[in-house]
Amino acid sequence: MTPHGSKLKPLPWLAEPKHAARAPSAHLRMLAAATALLASALQVGCQSGGTGGQMFNRRSTMPAGLSSAALRRIAADKLDVVPMTDSVGQKGFLLSAGPYRIFTDIKNPLQQRLIMRVLTHALCRFRALIPSARLHPPLRGYIFAHRRQWAIFTRNMMPTVAPYALHPMVYGYDHKGVFALHRTSVPTMLSVLAHEAWLQFSYVSLKDHLPAWMDEGLAAQFEAVCWRHGKPKFIATLNYPRWLALRAVCRAGDFIPLHIFTRMDAGAAIATGPRMTEIYYAQLWSMMLFITQHDGWGVIKRALHSSEMGRLTPVMLKAGLSPYDLSHETTRWNMVAGPIYFHRFISCYPRQFAAQYHAFARSLAAHWPPRIAH
């Protein structure tokens, strides 16, 4: 990924056109070409290569904020751990807690318990957003100690997504409600885990799948896993890697125009290169912060409830999507559903929204930790 010290140069095709409401066909063709071969149901978690701030402790393999006493309490957690072999013959353990069934080849008992603590606390946050969600256990995930084992699993069990999931910038992915990721450091692993756990939860809970800008934007709100008294807290504003990327975007003026951003997905950003990936995820994180800070999650909860009920299915079918598009989350589906969700739930005035969001983003990027007026 782009080093923190470098500057992101302006991208010539990201200039805001005079008529922002009309998407130039050349831009749409560029996005379609970039994503035509991407697996439509693949959702990836991309992380900045850097760590820092209040999220991580550079001198420790454990997340910052965990005292020795808290670690001892976590180590004493009861956890159902059963030795098993995964589908491609790799030996590990099955961790069970609540609806989760997680295969991992990580042998460290403390790290196993940190994984399950993050999942169970994240699930409480997810349920607060979709209280009536009906889960059908088990919720399955795979967490590997090394990238090589993760790659073996992906190539054998997820061959259609392997060419894209195994991109060097991708640390984890969710495919049809099953996530898989690998450990780099413990804090980064837990951050990617919370991100992918949301994508899994939304996939299994909602009849209408969320477009990428909303789904990935929500997932980014759980990446900053902070610890208080041995419990994980998901404090979206303290996402230091995303904040660094946003600061670079603001300094260079490299915001992706809204009419393109709402049609993009992670695959398009990754296919375009590391700079675009940094910009895309910084904008996902900060735009969702802008929306949720504005009204305290009310708009997002209404969108999630509508998706849970499948109320936008007739609207999207009328817009020209096929049932296959809807069920397989094709590139065409995302390019149509993205603007529909934005105009239905967020704003009918994209120019005014973009101006207000840009001002918010610049204010957000001006200080660390961010100062947001509630």
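The values are calculated or read from the model by the stated rules, or taken from the named source; none is laboratory data. Note that this is a predicted model, so its numbers are computed, not measured. Here the Cβ is made from the backbone with ideal geometry for all residues, glycine too, and neighbour counts use every protein chain on show.
Let me spell it out: the conditions are (1) hydrophobic (A, V, I, L, M, F, W, C); (2) modelled with pLDDT under 90; (3) crowded, with 17+ Cβ neighbours inside 10 Å; (4) more than 30 Å from Val336 (Cβ to Cβ), and Ala34 meets all of them except one. Which number is the exception?
For Ala34, the failing item is (4).
Would you confirm whether any residue within the stretch 231-248 is outside any helix (DSSP H, G or I), on the phi > 0 side of the Ramachandran plot and of a type outside the set (D, E, K, R)? So that I can check it myself, show each step before the final result.
Residues of the stretch 231-248 that are outside any helix (DSSP H, G or I), as a first pass: 231-235, 239.
Then keep just the ones that are on the phi > 0 side of the Ramachandran plot; that gives none.
So far as the stretch 231-248 goes, no, none of its residues is outside any helix (DSSP H, G or I), on the phi > 0 side of the Ramachandran plot and of a type outside the set (D, E, K, R).
Limited to the stretch 283-337, what total is found for residues that are in a helix (DSSP H, G or I), more than 17 Å from the chain's Cα centre (by Cα) and not hydrophobic (A, V, I, L, M, F, W, C)?
Residues that pass the stated criteria total 20.
How many residues are within 17 Å of Ala337 (Cα to Cα) and touching a Lys or Arg at 6+ places or on another chain (Cβ under 9 Å) when one looks only at the stretch 257-275?
Adding up the residues that qualify gives 2.
Looking only at the stretch 202-254, how many residues end up being over 23 Å from Thr277 (Cα atoms), out of contact with any Pro (no Cβ under 8 Å at 6 or more places or on another chain) and not β-branched (Val, Ile, Thr)?
At the first step, the residues of the stretch 202-254 found to be over 23 Å from Thr277 (Cα atoms) are 204-208, 226-233.
Adding the requirement that they be out of contact with any Pro (no Cβ under 8 Å at 6 or more places or on another chain) leaves 204-208, 228-233.
So of that shortlist, the ones also not β-branched (Val, Ile, Thr) come out as 205-208, 228-233.
Residues flagged as over 23 Å from Thr277 (Cα atoms), out of contact with any Pro (no Cβ under 8 Å at 6 or more places or on another chain) and not β-branched (Val, Ile, Thr) within the stretch 202-254 amount to 10.
Tell me which of these Trp333 doesn't satisfy, since it passes every other one: (1) over 27 Å from Leu206 (Cβ atoms); (2) surrounded by 14 or more Cβ atoms within 10 Å (Cβ to Cβ).
Condition (1) is where Trp333 drops out.
Restricted to the stretch 134-171, and to residues that are of a type in the set (Gly, Ala, Ser) and not in a strand (DSSP E or B), which residue is surrounded by the fewest Cβ atoms within 10 Å (Cβ to Cβ)? Spell out the reasoning first.
We begin by selecting, within the stretch 134-171, every residue of a type in the set (Gly, Ala, Ser); these are 141, 145, 151, 162, 165.
Now drop any that are not not in a strand (DSSP E or B), which leaves 145, 151, 162, 165.
Numbers: Ala145: 17, Ala151: 15, Ala162: 17, Ala165: 22.
Once the filter is applied, the top-ranked residue is Ala151.
Go over the candidates Asp174, Asp86 one by one and state the one that is modelled with pLDDT under 95, in contact with a helix residue (DSSP H, G or I) (Cβ under 8 Å, 6 or more places away or on another chain), of a type in the set (Asp, Glu) and surrounded by 15 or more Cβ atoms within 10 Å (Cβ to Cβ). Before the answer, list the steps.
Numbers: Asp174 fails: modelled with pLDDT under 95.
Residue meeting the stated conditions: Asp86.
With the checklist (1) surrounded by 18 or more Cβ atoms within 10 Å (Cβ to Cβ); (2) under 28 Å from Cys250 (Cα atoms); (3) modelled with pLDDT under 95 in hand, flag the one item Ser286 doesn't pass.
All conditions are met except number (3).
Report, by residue number, each residue of the stretch 216-233 that is buried (at least 21 other Cβ atoms within 10 Å of the Cβ), more than 19 Å from Phe255 (Cα to Cα) and touching a His at 6+ places or on another chain (Cβ under 8 Å).
Across the stretch 216-233, the qualifying residues are Ala219, Phe222, Glu223, Pro232.
Might you let me know whether the stretch 248-260 holds any residue that is within 28 Å of Leu123 (Cα to Cα) and either surrounded by 20 or more Cβ atoms within 10 Å (Cβ to Cβ) or without any contact (Cβ under 8 Å) to a residue 12 or more places away in the chain (or both)?
The answer is no, given that none of the residues of the stretch 248-260 is within 28 Å of Leu123 (Cα to Cα) and either surrounded by 20 or more Cβ atoms within 10 Å (Cβ to Cβ) or without any contact (Cβ under 8 Å) to a residue 12 or more places away in the chain (or both).
Looking only at the stretch 261-283, count every residue that is among the basic types (Lys, Arg) and surrounded by fewer than 24 Cβ atoms within 10 Å (Cβ to Cβ) and tell me the total.
Residues that pass the stated criteria total 1.
Residues checked against (1) closer than 25 Å to His343 by Cα; (2) of a type in the set (Asp, Glu); (3) part of a loop (DSSP other than H, G, I, E, B):
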{"residue": "Phe201", "(1), (2), (3)": "yes, no, no"}
{"residue": "Val204", "(1), (2), (3)": "yes, no, no"}
{"residue": "Leu210", "(1), (2), (3)": "yes, no, yes"}
{"residue": "Met214", "(1), (2), (3)": "yes, no, no"}
{"residue": "Gly217", "(1), (2), (3)": "yes, no, no"}
{"residue": "Trp227", "(1), (2), (3)": "no, no, no"}
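Exactly one condition in (1) under 22 Å from the mean Cα position of the chain (by Cα); (2) part of a helix (DSSP H, G or I) is false for Pro370; which is it?
For Pro370, the exception is condition (2).
Which of (1) crowded, with 17+ Cβ neighbours inside 10 Å; (2) farther than 13 Å from Ala197 by Cα is the odd one out, the single condition Asn108 does not satisfy?
Of the numbered conditions (1) crowded, with 17+ Cβ neighbours inside 10 Å; (2) farther than 13 Å from Ala197 by Cα, the odd one out for Asn108 is (1).
Scan Ile102, Ile130 and give me the residue that is at pLDDT 95 or above and either touching a strand residue (DSSP E or B) at 6+ places or on another chain (Cβ under 8 Å) or surrounded by 19 or more Cβ atoms within 10 Å (Cβ to Cβ) (or both).
Among Ile102, Ile130, only Ile102 is at pLDDT 95 or above and either touching a strand residue (DSSP E or B) at 6+ places or on another chain (Cβ under 8 Å) or surrounded by 19 or more Cβ atoms within 10 Å (Cβ to Cβ) (or both).
Check whether at least one residue in the stretch 301-322 is on the phi > 0 side of the Ramachandran plot and acidic (Asp, Glu), and report yes or no.
No, every residue in the stretch 301-322 fails to be on the phi > 0 side of the Ramachandran plot and acidic (Asp, Glu).
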